[in-house]
Every structure is written in structure tokens, then in C-alpha cells.
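The values are calculated or read from the model by the stated rules, or taken from the named source; none is laboratory data. If you're wondering where the values come from, they're calculated on a predicted model, not measured in any experiment. Reconstructed Cβ throughout: ideal geometry from the backbone, glycine too, with neighbour counts over all protein chains shown.
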């Protein structure tokens with residue numbers, strides 16, 4: 001039934017709808033650069049969403065855990081084989097994404113008889129110098145974008161834009177600031193997603209919801225406090241100052257506690 | 001096979017072969033021209049190696065690092081054919097990283113030992129052909145058991161635990177006796193020595209090895225060349241800087257002072 005071009009286009013369109021629907025309750029992911037490297041942040045319930053890929057590469061994802069695992073393994077295999085056969089510095093995010101996983105994701109997306117990957121991926125890369133730090137975001141259809149100071153994943157592009165808009169107004173130097181901005185940005189995204197769900201609105205209609213020009217930080221913390229009852233804050237760093245070649249480290253609860261407003265921290269344990 | 005987190009298996013699936021198989025049993029003499037040693041001291045384990053690389057009678061290189069950091073808590077000191085040894089170190093380094101990143105937990109210390117043992121076993125043909133013999137020492141800090149550990153291997157891949165110390169290489173026979181003597185009648189056992197004391201002993205041991213073994217490079221003060229000495233403790237691997245080695249050598253090892 002998909003032999004005709006029109007049917008195929010229609011099938012792919014259906015697929016988008018299906019994937020948007022699957023992702024609408026996903027948890028946003030935030031990545032920001034700060035003075036010592038890159039911070040990735042999300043909220044998780046049970047399964048982790050942030051991972052180490054290579055010496056200077058970290059991954060954050062949303063979507064189906066099994067699909068995310070599969071792509072994570074693809075990335076890990078490619079990165080380690082390349083790092084061994086060539087050198088550590090030849091393992092770059094952009095090569096892994098452009099020639100590695102996006103063709104796979106695109107193919108799965110377009111082969112309408114097979115199951116697509118229900119994922120969105122954010123790959124963070126710590127450059128040799130701070131100005132080379134960067135992010136790559138990959139959508140479920142295999143399209144990807146490169147970003148430099150910050151990047152986000154959320155259920156819809158409208159929510160992502162909202163989060164990026166919020167990030168644009170912030171300034172980040174220290175890790176403490178990065179954590180603070182990241183959790184607030186996450187709240188901006190999560191709130192927008194939830195209100196879209198409650199309104200029962202379609203996918204891109206969130207765009208039409210009037211933007212509050214100034215989003216009140218207190219309101220965001222209130223939202224976070226509510227979320228924290230059922231989820232935990234997950235943070236990972238690519239820290240230029242970590243000794244040895246592997247720069248990835250998870251931000252432990254103890255450390256995180258010192259960086260959050262006090263009323264957010266107790267529920268971390 | 002990625003699900004098993006086995007990087008070496010993954011490499012082999014890509015057609016990788018470690019070393020050349022060569023013709024087994026051509027009867028060449030197995031030379032391991034070097035001296036490496038490891039012993040436990042009060043904070044953890046000290047691993048040291050001279051820096052000379054030889055080809056027959058010729059000194060090829062005087063700045064070799066034979067004490068290779070594999071990850072934050074383990075070190076492999078190498079004696080034997082450097083090409084194969086470095087290759088093994090690279091495989092191990094990637095294997096441990098790959099395991100940690102895929103399985104989201106560190107490979108156990110036993111697992112690390114087995115990984116090296118497997119590589120040595122696969123390398124037996126090249127070792128017997130005389131082109132790839134490696135006789136390493138693997139030392140590290142077992143974070144699970146919170147204990148420093150030393151293991152040494154034969155070229156066939158059998159692993160043995162060096163409870164107090166281990167030595168390998170052509171200069172090892174000279175210092176093995178000294179280590180035994182020091183540890184038994186030296187006033188205090190090696191494992192009770194503080195870091196500085198342990199470093200002085202390591203420098204003296206390598207200097208003694210160089211005295212009797214032409215393939216072991218001692219200290220070359222004119223060129224500012226000192227052995228490589230690394231410590232592995234609960235907080236990871238650390239290398240003793242040349243400046244400190246120099247001061248200790250001048251004050252506590254050199255007889256011309």
C-alpha cells in the first residue's frame with residue numbers, strides 16, 4: 001500500500017505524529033557550557049539519561065530506553081574502535097553523528113515497515129580549548145544541528161525554542177551558576193510540555209500559547225519542587241580539569257546539594 | 001557482542017589480530033632487556049622501571065616509559081618486546097574504558113587481571129617465535145577490596161600474585177635477592193615504608209640492577225634521566241616528578257656526594 005509516492009509521504013507523516021506522541025511525556029535535557037567545561041542536566045526516574053561516550057564526549061537522551069541503549073552502544077563501539085585504530089583525538093562528535101548514527105536513525109525513520117527509533121539525542125563535546133566546546137542535537141528523523149554555548153532536548157521544537165530563548169537571557173560562568181540555570185531551563189521546558197498536555201493541544205500549537213516575557217524564577221523553583229517529589233536531578237560534567245584523559249564525571253548528590261537553593265536539595269537523597 | 005562490554009572481542013570481530021603469529025619454536029633466545037619492579041609500601045604500591053630500550057648490544061633509546069598507566073587505578077610495567085607490550089597496553093586501556101562506559105560500572109580488579117592474561121595467551125606463538133615476548137607486572141589498587149595488589153606473569157599468560165613485591169626483566173635476578181633481604185632483615189618490611197623511603201629503595205634497586213645488567217639504564221645525571229616511579233593508592237595513580245627524584249638521588253643514593 002506504500003508503493004505510491006503519495007502514500008509513502010503520508011506514512012512518514014503518520015510516523016512523525018506517532019513519534020511526537022511517544023515523546024510528549026519525555027523529560028527535557030539541558031546542556032550548558034561553563035568555565036571548566038560542559039554541564040548536562042535532566043531529571044530521571046529510575047533509569048539514567050546521561051552517559052559517558054568517550055574521553056570528551058557525553059550523551060543525554062530522551063525517548064524509549066531500549067532505543068537509546070541501542071544507539072548508545074553504536075556510539076560507544078564506533079568511538080572506541082576509532083580511538084584504538086587511529087587516536088583519541090580523532091574521535092569527534094561530528095564524525096560520529098554525521099557518518100555514524102544519523103544515517104541509521106534516518107533509515108529506520110523512513111523504512112515505514114520497520115520500527116523507528118523513539119529518541120532524541122544530545123551529544124556534548126569538550127573541545128581542546130573552551131571555545132571549541134560544542135553540542136550536537138539529533139532528532140528522531142536523523143536531522144541534526146550543531147550548537148555552541150548551550151543546547152536542549154524537549155518533546156517539541158516549540159518547547160525547545162522556549163528553553164533556548166530562556167537560556168539566551170542567562171549568563172553562566174561558574175558551575176554553581178550552570179547548575180542553577182540548567183534546572184531553571186529544565187523547568188521552563190517541563191512546564192511548557194505539561195501545559196501543552198493539559199490543554200490537549202497538538203504538537204506545534206504550543207507555539208501559539210502566549211509567552212510570558214519574563215519567566216519568574218520563583219515560579220520555576222516551585223515547579224521544580226513539585227517535580228522533585230517523584231524524580232531526581234541528574235547532572236554530569238565534562239570537566240576540563242579532571243586528571244587523566246577521561247573528562248566525564250557524574251555530579252554526585254553531595255556536590256549537587258551545595259549548588260542548589262536549599263529547599264531543592266533535601267529530596268536528592 | 002557489545003552487550004558483554006568486551007572490547008577485545010569487538011576488535012577481533014573487526015578482523016584485528018594481535019601480533020604476528022610467526023613460526024613457533026624457532027628457538028630464538030627470549031630476551032627481556034630491562035628492569036621493572038613493584039612493591040607494596042605503606043600507602044599502596046610503588047612501581048618503577050628503568051628507561052633504557054636496547055636492540056642487541058645497541059642502546060636504542062634512553063627515555064622509554066615502561067610503567068604504563070592503564071587507568072586511574074592500575075599500571076602495567078613492561079619487560080620484553082616493546083611493540084607488543086605497548087599494543088597490549090592500548091588494548092587494555094580501551095577495554096577498561098569500554099567496559100566502564102558500556103556496563104556503567106568499573107571492571108573488577110580480577111577482571112582486569114584476566115584481560116591481560118588473555119592477551120598474553122593469544123600472544124604465545126609470537127612470544128615463542130622470538131618476536132613478541134612480553135613479561136609484564138600488573139599492579140593497582142583494588143577499590144572494591146581497598147587493597148593494593150601486585151601480579152606478575154610468565155610469557156604464557158599465567159598470573160601470580162606478588163604478595164610483597166614482584167620483579168621482571170633481565171636485571172631482575174640482581175634485585176630479587178636484595179628485595180628479599182630488605183623485606184626480611186631490612187629493619188622494617190617494605191610494606192611499612194613511607195613514600196620517601198620506598199622511593200629511595202626503588203632508586204637504589206634500579207641503580208644496582210644497572211650495575212650488573214648492561215640492558216638496564218640506571219640514572220644518567222648528566223642527561224637528567226631518572227627512572228620512572230609511579231605510586232598507586234586509594235586516590236589513583238601518581239608519578240614522582242624528576243625534580244624530587246633528583247633531590248633524593250643526590251642526597252640518599254649517590255655515593256659521590
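Of all the strands (runs of 3 or more DSSP E) wholly in the range A:27-72, which have at least 3 residues that are touching a strand residue (DSSP E or B) at 6+ places or on another chain (Cβ under 7 Å) and more than 27 Å from residue B:7 (Cα to Cα)?
Values: elements: A:29-34, A:37-44, A:50-54, A:57-63.
Strands (runs of 3 or more DSSP E) meeting the threshold: A:29-34, A:37-44.
Looking at the structure I just gave you, is residue B:161 more than 14 Å from chain A (Cβ to nearest Cβ) and over 15 Å from the mean Cα position of the chain (by Cα)?
Numbers: more than 14 Å from chain A (Cβ to nearest Cβ): yes; over 15 Å from the mean Cα position of the chain (by Cα): no.
Taking the combined requirement at face value, the residue does not satisfy it.
Being at pLDDT 95 or above and more than 30 Å from residue A:103 (Cβ to Cβ) narrows it down to one residue among A:200, A:165, A:142, A:189; which is it? Working first, answer last.
Working: A:200 fails: at pLDDT 95 or above; A:142 fails: more than 30 Å from residue A:103 (Cβ to Cβ); A:189 fails: more than 30 Å from residue A:103 (Cβ to Cβ).
The conditions single out A:165.
Residue-wise test of (1) surrounded by 20 or more Cβ atoms within 10 Å (Cβ to Cβ); (2) away from chain B (no Cβ under 12 Å); (3) modelled with pLDDT under 95.
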| site | (1), (2), (3) |
| --- | --- |
| A:37 | yes, yes, no |
| A:47 | no, no, yes |
| A:51 | yes, no, no |
| A:82 | no, no, no |
| A:95 | no, yes, no |
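Which residues, counting only those in the range B:195-225, are in contact (Cβ under 8 Å) with a residue 24 or more places away in the chain, touching a helix residue (DSSP H, G or I) at 6+ places or on another chain (Cβ under 8 Å) and either within 14 Å of chain A (Cβ to nearest Cβ) or not in a helix (DSSP H, G or I) (or both)?
B:213, B:216, B:217, B:218, B:219, B:221
Can you name the residue in the range B:96-110 that is within 9 Å of another protein chain (Cβ to nearest Cβ) and farther than 21 Å from residue B:147 by Cβ and, of all such residues, is surrounded by the fewest Cβ atoms within 10 Å (Cβ to Cβ)?
If we filter the range B:96-110 for residues that are within 9 Å of another protein chain (Cβ to nearest Cβ), which is where we start, we get B:97-98, B:100-102, B:104.
Now restrict to residues that are farther than 21 Å from residue B:147 by Cβ: B:97-98, B:101-102, B:104.
Details: B:97: 25, B:98: 26, B:101: 24, B:102: 23, B:104: 11.
Here the answer is B:104.
Given the conditions (1) free of Cβ contacts under 8 Å to residues at least 24 places away in the same chain; (2) away from every other protein chain (no Cβ under 14 Å); (3) touching a strand residue (DSSP E or B) at 6+ places or on another chain (Cβ under 6 Å), report the number of the one that residue B:136 does not fulfil.
It is condition (1) that residue B:136 fails.
Run residue B:56 past the list (1) at positive phi; (2) out of contact with any strand residue (DSSP E or B) (no Cβ under 9 Å at 6 or more places or on another chain); (3) within 14 Å of chain A (Cβ to nearest Cβ) and report the number of the one that doesn't hold.
(3)
Please find, within the range A:243-255, the residue that is nearest to residue A:51 (Cα to Cα) out of those that are assigned to a loop (DSSP other than H, G, I, E, B) and facing another protein chain (nearest Cβ under 10 Å). Before the answer, list the steps.
Quick first cut of the range A:243-255, residues assigned to a loop (DSSP other than H, G, I, E, B) only: A:243-247, A:251-252.
Right, trim to facing another protein chain (nearest Cβ under 10 Å) and you get A:243-246.
Details: A:243: 19, A:244: 18, A:245: 16, A:246: 13 Å.
In this case the residue turns out to be A:246.
Of all residues in the range A:11-35, count the ones that are more than 20 Å from the chain's Cα centre (by Cα) and surrounded by 14 or more Cβ atoms within 10 Å (Cβ to Cβ).
3
When you scan the range A:145-191, how many residues do you find that are buried (at least 18 other Cβ atoms within 10 Å of the Cβ) and in a strand (DSSP E or B)?
4
Is at least one residue of the range B:36-51 in a helix (DSSP H, G or I) and either over 29 Å from residue B:104 (Cβ atoms) or modelled with pLDDT of 90 or more (or both)?
Step one: of the range B:36-51, the residues in a helix (DSSP H, G or I) are none.
There is no residue in the range B:36-51 that is in a helix (DSSP H, G or I) and either over 29 Å from residue B:104 (Cβ atoms) or modelled with pLDDT of 90 or more (or both).
Could you grab me the full set of residues in the range B:177-194 that are exposed (fewer than 12 other Cβ atoms within 10 Å of the Cβ) and outside any helix (DSSP H, G or I)?
B:187, B:194
Closer than 19 Å to residue B:68 by Cβ and part of a helix (DSSP H, G or I), is that true of residue B:128? Let's see the steps before the verdict.
On the way: closer than 19 Å to residue B:68 by Cβ: no; part of a helix (DSSP H, G or I): yes.
It is false that residue B:128 is closer than 19 Å to residue B:68 by Cβ and part of a helix (DSSP H, G or I).
Whether any residue in the range A:110-130 is in contact with a helix residue (DSSP H, G or I) (Cβ under 7 Å, 6 or more places away or on another chain), farther than 20 Å from residue A:26 by Cα and assigned to a helix (DSSP H, G or I) is what I want to check.
yes
What pairs come out if I take residues in the range A:1-26 that are under 12 Å from residue A:140 (Cβ atoms) and pair them with residues that are part of a helix (DSSP H, G or I) whose C-beta lies under 7 Å away, six or more apart or interchain?
Within 7 Å, the pairs are A:12/A:110; A:15/A:109.
Is the range B:75-85 home to any residue that is within 12 Å of another protein chain (Cβ to nearest Cβ) and in a loop (DSSP other than H, G, I, E, B)? Break it down into steps so the answer makes sense when it comes.
Initial filter on the range B:75-85 (within 12 Å of another protein chain (Cβ to nearest Cβ)): none.
The answer is no, given that none of the residues of the range B:75-85 is within 12 Å of another protein chain (Cβ to nearest Cβ) and in a loop (DSSP other than H, G, I, E, B).
For the condition modelled with pLDDT under 95 and surrounded by 16 or more Cβ atoms within 10 Å (Cβ to Cβ), what is the one hit in B:199, B:233, B:174?
Details: B:199 fails: modelled with pLDDT under 95; B:233 fails: modelled with pLDDT under 95.
Going through B:199, B:233, B:174 in turn, just one is modelled with pLDDT under 95 and surrounded by 16 or more Cβ atoms within 10 Å (Cβ to Cβ): B:174.
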